[in-house]
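Asker: The structure follows.
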Amino acid sequence: MAKLYFYYASMNAGKSTMLLQASFNYRERGMHTMLWTAAIDDRHRSGVIASRIGLEAEADRFAPATDLRAAIEAEHARQPLACVLVDEAQFLTRDQVFALAAVCDELGVPVMAYGLRTDFRAELFEGSRHLLAIADVLTEIKAICGCGRKATMNLRMDEAGTPIREGAQTEIGGNERYVALCRRHFMAAMRG
């Protein structure tokens, strides 16, 4: 039985690197993979999954209205898929998460989703919430806080490095906007 995997972490834990390595491993063995990334993520070229260590690969883009099941089924009919890999999975909708589960259950194709668990306010993203609820396998990827503890939180900062406590849940950015912290240091920063 194909499974739905959710690999979650804070920022800077290597999620995209792990996804690209997994895809490489399949392709090196002559197996076909399908990669997806969020259309909203504009940090790199559109439709590219890129890691901070320099790895990158072309990917299909999903938006809230994207019918993932139909697109994956069409690709699977064209060329059998060994695996579907989704980057920035926190941006999936509930329906898209359930569509990915159907890809596993009905098409027999495993899906590996990688994303953030929580936002800068320590609240679950929609996609993450539903992946945590229905994924077959949940795996936390470890990141490190500046103090050496496990980083589980994402602190959003302004240009001066001041913590931001309110605002829209989604604001695309990298190291210039976010820092991964352990809960203790995140809570201290949010208290001010």
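Asker: Got a sec? Charge dipole of segment 22-132, +1 on Cβ for Lys and Arg, -1 for Asp and Glu; which of SER51, PHE62, ALA113 is way out at the positive end?
Answerer: SER51
Asker: Can you put VAL84, VAL111 in order, fewest other beta carbons within 10 Å first? Don't skip to the end; give the middle numbers.
Answerer: Working: VAL84 27, VAL111 30.
If I rank by nearby Cβ atoms, fewest first, I get VAL84, VAL111.
Asker: What shape does the chain have by the C-alpha gyration tensor, where a ≥ b ≥ c are the square roots of the eigenvalues, rounded means a/c under 1.5, and otherwise prolate means a/b greater than b/c and oblate the rest?
Answerer: prolate
Asker: Let me ask something else. Please report MET190, MET153, MET31 as a ranked list, fewest other C-beta atoms within 10 angstrom at the top and most at the bottom. Spell out each step's value before the answer.
Answerer: Details: MET190 16, MET153 26, MET31 13.
Fewest to most other Cβ atoms nearby, the residues stand as MET31, MET190, MET153.
Asker: Continuing with the same structure: Quick check on the exposure proxy: order THR139, THR33 from fewest to most C-beta atoms within 10 angstrom.
Answerer: Ranking THR139, THR33 by Cβ neighbours within 10 Å, fewest first, gives THR139, THR33.
Asker: Only four residue types carry charge here, +1 at the Cβ of Lys and Arg and -1 at the Cβ of Asp and Glu. Report the dipole size of the chain about the Cα centre in Debye, rounded to the nearest 20.
Answerer: Here the size comes out at about 860 debye.
Asker: Oh, and also: Taking springs between alpha-carbon atoms closer than 10 angstrom, which of PHE91, PHE24, PHE120 fluctuates most in the Gaussian network model of the chain?
Answerer: Looking only at PHE91, PHE24, PHE120, the biggest GNM fluctuation is shown by PHE24.
Asker: Under a 10 Å cutoff between Cα atoms, tell me which one of ALA101, ALA74, ALA39 has the largest fluctuation in the Gaussian network model of the chain.
Answerer: ALA74
Asker: Restricting to Cα pairs below 8 Å that are 6+ residues apart, what does the relative contact order work out to for segment 4-141? Please round to a whole percent.
Answerer: Relative contact order, segment 4-141: 36 percent.
Asker: So, one more: Hey, in the GNM for the chain with a 10 angstrom Cα cutoff, which one of LEU19, LEU55, LEU100 fluctuates hardest?
Answerer: Comparing LEU19, LEU55, LEU100 in a Gaussian network model of the chain, the most mobile one is LEU55.
Asker: Just to confirm my numbers, what's the Cα centroid distance between segment 16-34 and segment 73-88 in Å?
Answerer: What the calculation gives is 12 Å, centre to centre.
Read-outs: derived from the displayed coordinates by stated rules, not from any lab. Bear in mind the structure is a predicted one, so any value in this text is a computation, not a measurement. All Cβ positions, glycine included, derive from the backbone under ideal geometry; neighbour counts span all protein chains shown.
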